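Since every read-out is calculated from the coordinates, none of them should be taken as a lab result. Treat the numbers as computed from the prediction; the structure is a model and nothing was measured. Virtual Cβ from ideal backbone geometry, glycine too; neighbours counted across all protein chains shown.
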Ligand SMILES: [Cu+2]
Ligand SMILES: [Cu+2]
């Protein structure tokens with residue numbers, strides 16, 4: 001018996017050691033009214049479970065200690081008791097009803113959609129998020145992609161890991177504080193899940209479906225989460241970052257983005273130099289293509305082909321453009337025509353045709369892409 | 001029986017006498033129709049798969065020991081999580097329970113063998129091929145299944161590696177094997193009980209397996225349907241799960257979990273049976289509340305068909321649907337509680353000793369109950385949004401499957417080992433194995449509750465820095481647990497080779513027809529129907 005206790009003690013202290021060094025042990029209360037309600041519900045149920053556990057295990061261990069043959073205890077003969085059995089059916093039922101009532105209330109509160117001040121479409125891609133700001137008629141005003149910003153050097157342990165390792169993105173979703181924001185969550189390819197723990201909201205992003213979520217955040221700040229539905233190779237590397245801004249700041253930023261959008265529209269009709277295309281192309285390639293085709297263009301054959309000397313790059317340019325616009329259905333090569341605008345597409349195609357020893361003599365302009373995409 | 005089968009056959013090595021024994025060499029195992037041989041095959045096969053799945057778990061835990069990618073790339077990591085899950089569920093836990101059923105059902109109901117011995121042989125020998133195919137996919141171009149053991153479409157269809165077709169074929173084979181095994185168990189239990197053993201006198205292991213077998217027959221075809229639809233989507237241009245073609249990826253999840261939730265109980269109901277034998281034996285006291293145990297198992301089985309969407313709370317369902325599945329899931333706590341209370345009441349005022357099977361059984365009750373509590377928490381839809389697909393879920397189902405299902409299997413092996421081999425294992429070694437496993441399992445999985453609550457998603461090869469401490473502890477525990485199962489192998493082999501001879505009733509408190517047979521049990525269990533006395537079975 002002593003031995004048993006000391007072993008159990010050892011185990012407990014080991015666990016405690018793990019516990020003591022960690023920042024967080026419990027669900028976070030979060031920053032919204034809903035997340036706070038969820039946290040309270042979690043605590044109620046946890047505490048009930050702990051109490052029932054202590055009671056049941058207490059009885060059991062009392063019995064283990066006292067009702068043992070080595071202590072000379074003779075076995076009793078009873079093997080049923082209708083009263084007891086009724087009691088331990090009815091009492092748990094009552095406890096469960098006690099849990100179900102607040103649970104139902106919180107769930108109903110979460111389903112209180114409508115009356116929103118603005119709507120953002122959240123679209124999952126392998127392996128990034130796209131945020132589209134919709135106007136009152138659900139037209140896209142502007143949109144952008146949000147890619148993980150943690151570098152391969154950090155992941156591969158070649159440089160020190162930053163504080164927000166795997167939880168940082170190039171462009172966070174920005175929303176205003178104190179306004180009811182509605183999210184329409186969907187996906188372009190496989191199922192992802194969009195989760196902001198501090199808001200107490202999580203929803204699957206399912207292709208072909210629009211799932212509705214909403215939140216009101218009072219406290220400006222940066223809130224971080226991750227994709228929680230297995231979505232392929234880089235599932236662990238598609239963080240969700242939301243920046244909640246003061247209302248005035250948000251409005252200023254929003255107006256600026258709307259203005260930028262018209263500049264982007266203009267770029268579509270411009271003619272760029274080789275250098276401009278290479279510079280933009282490298283940037284686009286780094287964010288959208290390098291994860292599969294690798295920064296050096298060598299890919300990871302046989303799954304992700306090398307682009308060096310690829311038939312598409314050696315062959316006619318228009319086939320190359322078309323393949324990037326349309327992708328290859330049924331493979332990881334997506335239809336980038338839906339994610340990138342013509343200027344970005346032109347730049348990345350031009351960049352691929354003039355990098356890593358690829359040496360074409362053509363130049364690719366946005367208008368070439370627009371012609372081929374037939375829009 | 002055997003006279004009938006062999007009459008008129010020129011079967012010279014398989015003699016005509018009543019007390020004939022097994023063939024010699026490999027033929028014995030390839031062509032055997034004997035329930036004990038087949039049970040043994042199942043058990044060794046499942047142990048082998050357990051080691052394979054265990055190595056995969058250790059690959060996962062090694063990669064997760066520290067943040068950053070150190071040993072494997074994300075693509076291979078996904079193949080490991082997927083195959084670890086599939087192999088442990090379909091290759092380790094399920095076949096182990098079928099192995100136990102093979103050994104125990106005829107002995108416990110007083111029959112000579114299983115009702116359908118040739119099908120029994122087939123249902124086992126399908127398995128090595130099924131798992132051979134599945135494991136071989138890891139070496140194929142493009143890699144093996146990497147979409148999680150739940151293989152959600154379209155990740156498992158449009159976006160899957162080519163090897164998915166082999167995976168589908170392997171799943172079909174496993175399903176066929178399970179269905180045949182279940183038919184056999186049902187036929188044996190319903191037709192071959194000794195005179196006097198009415199349904200409400202059946203041992204609980206028999207009851208739980210009877211119900212489990214019905215669950216299997218009900219849901220394995222559903223799984224087969226799901227993978228067949230996948231096959232059609234992949235190769236024949238249908239769009240069951242392809243949104244672009246008018247299909248619905250969420251429908252896949254409904255179908256999968258309509259199979260998947262009963263599947264969870266398929267892995268735990270026989271465990272309930274095992275524990276209901278072991279606790280009374282070492283408490284030297286009759287099982288408390290036999291009738292309510294039977295009703296509880298039956299109601300759990302019934303409920304298992306109407307709770308499936310609790311795995312899909314975040315998928316986007318109407319409020320009414322969410323509420324329905326939340327309430328039904330909470331209801332499961334009631335019959336499960338009844339079982340735990342009954343076991344506790346059985347121990348209460350018993351005269352307990354704590355041999356290895358009893359230690360594993362008590363650990364089962366405690367740790368399974370912890371898994372039950374986290375299950376109840378997960379049933380509460382609004383909080384499930386926070387827990388869903390985090391390590392909290394991983395902790396939850398490992399608590400019910402490892403110190404739950406697996407501990408019950410280990411307990412059963414120790415408990416019936418003397419009956420199977422005629423030898424006693426070494427008690428000191430057995431206890432050492434218990435303590436190593438008990439400590440290992442808790443160090444591995446308890447911290448995962450914390451990392452889950454703190455927000456760590458499951459199935460990720462790398463994680464943010466705040467989860468580092470828990471992951472390190474968890475990895476250390478996994479290695480302790482893993483190696484203590486190699487020690488289990490040693491204890492078993494040591495017992496088979498140099499154990500002391502066992503008595504017919506190896507445990508003085510053990511009740512049941514199997515203990516009236518000599519140890520080791522004769523090759524054909526009961527050639528004449530035994531007398532069913534109130535002393536041996538539930539009165
Ligand atoms: Cu993901
Ligand atoms: Cu379930």
Once the Cα atoms of the stretch A:43-181 are picked out, what are the Rg and Dmax in Å?
28.0, 81
Fully extended contour minus Cα-Cα distance, from residue A:222 to residue A:318, at 0.36 nm per residue:
30.3 nm
In cubic angstrom, how much convex hull volume per residue do the alpha carbon atoms of the stretch A:268-373 span?
89 Å³
Need the full-extension length gain, residue A:112 to residue A:276, defined as separation in residues times 0.36 nm minus the C-alpha distance. One decimal, nm.
54.1 nm
Percent antiparallel among DSSP beta bridges confined to chain A, nearest 5, equals 70 percent
Theoretical FRET efficiency, 1/(1+(r/R0)^6), r = Cβ-Cβ of residue A:43 and residue A:331, R0 41 Å, to 0.05:
0.30
Here the whole-number average of other chain Cβ atoms within 10 Å per Cβ of B:446-459 is 5
Average other protein chain Cβ within 10 Å of Cβ, residues A:33-40:
2
Just want to confirm a number: the relative contact order over the stretch A:147-224, from Cα pairs under 8 angstrom separated by 6+ residues, in percent.
28 percent
Of A:107, A:94, B:303, how do they rank once you tally other Cβ atoms within 10 Å and put the fewest first?
A:94, B:303, A:107
If you average the sequence gap of Cα pairs under 8 Å that are 6 or more apart and divide by the length of chain A, what percent do you get for the contact order?
12 percent
Roughly how crowded by other chains is peptide B:273-284, in terms of the mean Cβ count from those chains within 10 Å of each of its Cβ atoms?
1
Cα long-axis angle, helix B:290-303 against chain B (0 to 90 degrees, to the nearest 10)
30 degrees
Note: the stretch B:296-359 at 37 °C, 0.692 mPa s; Kirkwood Rh on alpha carbon pairs; Stokes-Einstein D in µm²/s works out to 232 µm²/s
For chain B, what is the convex hull volume of the alpha-carbon atoms per residue, in Å³?
151 Å³
Output the direction-averaged projected area (hull surface divided by four) of the convex hull of the alpha-carbon atoms of the stretch B:102-208, in nm².
8.1 nm²
Run the numbers for residue B:235 and residue B:531: contour at 0.36 nm per residue of separation, minus the present Cα-Cα distance, in nm.
100.8 nm
Could you bin all the Cα-Cα distances of the stretch A:118-266 into 10 Å bins starting at 0 and give me the percent of pairs in each, rounded to whole numbers?
11, 40, 35, 13, 1
Would you mind ranking B:299, B:408, B:351 by Cβ crowding within 10 Å, fewest neighbours first?
B:299, B:351, B:408
Antiparallel DSSP beta bridges within the stretch A:118-266, as percent of all bridges there, nearest 5
70 percent
For the stretch A:268-373 the mean separation of alpha carbon contacts under 8 Å (6+ apart) over residue count, i.e. relative contact order in percent, is 34 percent
Modelled label reach - residue B:55, point 7 Å along Cα→Cβ, the stretch B:78-110 residues with backbone N closer than 19 Å:
B:78-93
Rounded to the nearest 10, the angle in degrees between the Cα long axis of helix A:342-353 and the longest principal axis of the Cα atoms of chain A comes to 80 degrees
For residue A:151 and residue A:361, what does the FRET efficiency come to when R0 = 30 Å and r is the distance between their Cβ atoms, rounded to the nearest 0.05?
0.30
Proxy exposure order for B:432, A:230 (fewest C-beta within 10 Å first) is B:432, A:230
Tilt relative to chain A, helix A:33-66 - C-alpha long axis, 0 to 90 degrees, to 10
40 degrees
Ellipticity estimate at 222 nm from DSSP helix runs (n ≥ 4, -39,500 (n - 2.57)) divided over the protein assembly as shown, nearest 500:
-18500 deg cm²/dmol
Starting from the 7 Å offset along Cα-to-Cβ, what nm value, one decimal, do you get for the label separation of residue B:198 and residue A:269?
9.2 nm
